[in-house]
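Colleague: Submitted below is the structure of interest, expressed as structure tokens.
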Amino acid sequence: LTDGPLKGRHVIVTSGPTHEPIDPVRYIANRSSGAQGSAIAEALVRLGARVTFVTGPASVPPPAGVELRLVETATQMKDVVEAALPADAAIFAAAVADWRVEGASNAKIKKTATGDVPTLALTENPDILATVSQRAEGRPKLVIGFAAETNDVVENATAKRARKGCDWIVANDVSPETGIMGGTENAVTLIDADGAEVWPRASKSEVAKRLAERIAEALGPA
Ligand code: C5P
């Protein structure tokens with residue numbers, strides 16, 4: 001598409017929330033807008049990467065120039081990500097639901113005359129970031145996760161990096177008073193093997209540009 005330091009590189013980006021069905025008309029979701037993931041994909045395209053953009057039902061449109069893969073659930077997202085491998089880098093910006101409804105109904109659940117309410121049993125979703133990070137074969141050279149925390153951001157994110165086995169964690173404080181979740185700005189700390197680097201608060205597109213440049217630097221020329 002364009003010339004740039006990521007020309008010849010394939011990067012997978014996950015973005016948006018996932019929707020986990022309760023029945024054909026209802027689902028469990030979260031407040032992720034997909035803004036940061038879209039901005040990252042766009043910045044990578046600008047630097048010349050081939051980007052597979054795997055997104056749940058986001059509230060912002062996907063960027064131009066990506067290979068778009070629309071998914072609903074965490075399970076679908078995992079399958080689509082794995083099918084998109086191999087990749088030079090993978091960035092997991094999606095807010096994947098931790099749980100799905102066990103035995104989701106194939107028919108709309110009805111109210112009963114007696115006022116009985118349904119009980120939802122939840123089961124854990126696969127951790128896509130951890131699965132890709134810990135692949136024995138075909139692991140992208142650079143695997144990047146996100147950590148949305150409300151407290152002890154660096155400590156929690158550093159532990160998350162170790163637990164998941166990814167190379168970098170982009171950590172941010174999503175406490176309501178920051179206005180970051182659903183907002184246009186982000187303030188992140190990049191955590192790698194050497195420690196934590198605090199980035200100044202900036203627009204999500206500025207953060208994305210800086211991250212894409214850092215990825216290009218880490219991968220070097222193709
Ligand atoms: O454990 P936690 O959900 O806080 O981890 C966040 C990171 O893990 C994000 O990069 C997110 O995209 C990724 N993740 C994933 N699959 C899950 C849960 C989280 O890829 N099931």
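Colleague: Does region 61-100 hold any residues that are away from the ligand (no atom under 15 Å from the Cβ), surrounded by 16 or more Cβ atoms within 10 Å (Cβ to Cβ) and under 16 Å from Thr18 (Cβ atoms), and which are they?
Modeller: Pro62, the sole residue that qualifies.
Colleague: Can you tell me which of Thr114, Thr123 is open to solvent by 20 Å² or more (accessible area, probe 1.4 Å), more than 15 Å from the ligand (Cβ to nearest atom) and either in a strand (DSSP E or B) or among the polar types (S, T, N, Q) (or both)?
Modeller: The match here is Thr114.
Colleague: Can we say Thr14 is open to solvent by less than 10 Å² (accessible area, probe 1.4 Å), within 16 Å of Ala208 (Cα to Cα), in contact (Cβ under 8 Å) with a residue 24 or more places away in the chain and touching a strand residue (DSSP E or B) at 6+ places or on another chain (Cβ under 8 Å)?
Modeller: Yes, satisfied.
Colleague: Taking only region 106-151 into account, find how many residues are touching a residue at least 12 places away in the same chain (Cβ under 8 Å) and acidic (Asp, Glu).
Modeller: So the answer is 3.
Colleague: Still on this model: Which condition breaks for Asp152 when tested against (1) within 11 Å of the ligand (Cβ to nearest atom); (2) open to solvent by 20 Å² or more (accessible area, probe 1.4 Å)?
Modeller: All conditions pass for Asp152, except number (1).
Colleague: Related question: Could you list, in sequence order, all residues of region 132-149 that are out of contact with any helix residue (DSSP H, G or I) (no Cβ under 6 Å at 6 or more places or on another chain), open to solvent by less than 60 Å² (accessible area, probe 1.4 Å) and more than 9 Å from the ligand (Cβ to nearest atom)?
Modeller: Gly138, Pro140
Colleague: Hey, which of the strands (runs of 3 or more DSSP E) in region 165-222, taking only ones fully inside, have at least 1 residues that are at pLDDT 90 or above, open to solvent by 70 Å² or more (accessible area, probe 1.4 Å) and not hydroxyl-bearing (Ser, Thr, Tyr)?
Modeller: Per the criteria, 195-198.
The values are calculated or read from the model by the stated rules, or taken from the named source; none is laboratory data. Model, not experiment: these values are computed from the prediction. Neighbour counts run over all protein chains shown; Cβ positions are idealised from the backbone, glycine included. With ligands, DNA and RNA removed, areas are computed over all heavy atoms of the protein, side chains included. Shrake-Rupley method; radii C 1.70, N 1.55, O 1.52, S 1.80 Å.
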